1. Would you mind counting up the charge near THR76? Only other residues with Cβ under 12 Å from its Cβ, with Lys and Arg at +1 and Asp and Glu at -1.
2. Which far-off residues, 5 or more places away or on another chain, put their amide H under 5 Å from the one on VAL318, with H placed in the peptide plane?
3. Give me the net charge of SER147's neighbourhood, meaning all other residues with Cβ under 10 Å from the Cβ of SER147; Lys, Arg count +1, Asp, Glu -1.
4. Can you give me the distance in nm between label points at LYS201 and LYS231, each placed 7 Å from the Cα along the Cα-to-Cβ direction?
5. Where does the charge balance sit around GLY167 when Lys and Arg score +1, Asp and Glu -1, over other residues with C-beta under 14 Å from its C-beta?
6. Going highest first, how would you order 62-68, 110-116 by mean Cβ packing within 10 Å?
7. For the pair MET157/ASP300, report the inter-label distance in nm, with labels modelled 7 Å from Cα in the Cβ direction.
8. Considering only Cα-Cα distances, which of the following residue pairs are longer than 22 Å: LYS176/LYS231; LYS36/LYS63; LYS110/LYS302; LYS193/LYS231; LYS86/LYS176; LYS86/LYS145?
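Bear in mind that the values in this text are calculations on the coordinates, not laboratory data. Given the structure is predicted, the values throughout are model-derived calculations rather than measurements. Note that each Cβ is placed from the backbone with ideal geometry, even for glycine, and that neighbours are counted across all protein chains shown.
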Amino acid sequence: MKEGGESKDQQLIVALRIRPISEVELDDGAVIIAHKVDEQMVVLMDPMEDPDDILRANRSREKSFMFDAAFDYTATQDVVYRFTTKGLIEGVISGYNATVFAYGPTGCGKTYTMLGTDYEPGIYVRTLNDLFRAIEETSDDMEYKVSMSYLEIYNEMIRDLLNPSLGYLDLREDSKGVIQVAGITEVSTINAKEIMQLLMKGNKQRTQEPTAANKTSSRSHAVLQVTVRQKSRVKNILEEIRIGRLFMIDLAGSERASQTQNRGQRMKEGAHINRSLLALGNCINALTDKAANKYVNYRDSKLTRLLKDSLGGNSRTVMIAHISPASIAFEESRNTLTYADRAK
Ligand code: ADP
Ligand code: MG
């Protein structure tokens with residue numbers, strides 16, 4: 001496994017993070033069935049076959065999955081950040097776009113990875129810190145302006161998490177063909193501590209932030225959009241020279257989408273499905289499956305419209321899939337591992 005910074009040319013990085021087993025799972029009698037085997041491989045045991053096999057560590061019940069990077073409960077927030085996202089910063093400063101997703105079922109650690117806690121901040125804050133530092137260190141004939149917005153997509157409607165009283169916002173294309181969220185709050189450079197407070201507060205504004213008691217509430221995507229505008233200090237040009245955009249996204253829980261995939265087309269009409277998550281899945285599939293040369297319809301959902309210029313092309317994408325290690329999460333874990341497996 002290479003650190004993100006050393007694999008600058010990789011267009012799509014898929015990582016897998018197994019969170020620690022929880023008290024609740026242990027109280028339910030769950031055992032650990034998902035293990036990281038090496039830096040790129042994870043194995044999952046099928047607990048349905050014979051529960052005693054897990055305790056005997058019968059290898060025949062195992063299925064293995066490959067990733068660009070695999071993390072388990074021993075991985076710190078810093079390690080996850082460095083091996084996935086850190087390497088995107090240089091490109092964003094040079095005017096390229098990039099997207100980082102946290103994918104996985106509700107309760108498996110997406111928000112922990114992206115937002116984290118005051119003591120264990122996640123990818124949002126670590127990225128912004130390094131971005132500011134990198135800009136300071138860059139040669140000073142360029143002037144940079146960093147701004148950020150934090151929004152939610154819920155039921156195909158966009159809300160400003162930094163100012164929810166604005167109501168629902170529309171997507172528009174500006175004169176240069178760049179997609180903008182009309183009227184969204186843009187916050188300019190502030191210090192890392194303030195950013196964390198701002199994001200924590202914004203996260204509380206998410207529509208019914210998922211709780212164990214209410215799994216239906218996991219259908220909102222939280223999107224942190226960071227824009228780096230760059231212009232020359234020396235030449236007297238008013239026009240912006242380059243714009244780099246980075247999207248960092250805490251996706252809605254994948255449980256419904258994957259169930260639907262399993263049960264086929266008919267389920268799609270019945271269940272109220274997350275359109276953005278399905279459209280994103282199609283876009284990522286198209287990225288992975290170059291040979292198939294699939295047509296990608298970004299217009300299918302709000303999320304993919306917003307990401308139109310930040311998926312594929314010259315943009316780099318990082319997907320961090322999340323699972324629980326517990327036997328009671330077997331079905332969801334298998335779906336997530338199969339979805340994210342790199343060995344196709
Ligand atoms: P999701 O956003 O995918 O629904 P969360 O990030 O809210 O899941 O995680 C569920 C619970 O597990 C939270 O209490 C969170 O703090 C904890 N958790 C998740 N991942 C980790 C981790 N890697 N280390 C420690 N605790 C974690
Ligand atoms: Mg969450």
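1. Computed value for this residue: 0.
2. Amide H neighbours of VAL318: ILE13, THR99, VAL100, PHE101.
3. In short, +1.
4. A separation of 3.0 nm, rounded to one decimal place.
5. -2
6. Most protected by this proxy first, the peptides run 110-116, 62-68.
7. Inter-label distance under the simple model: 2.4 nm.
8. LYS193/LYS231; LYS86/LYS176
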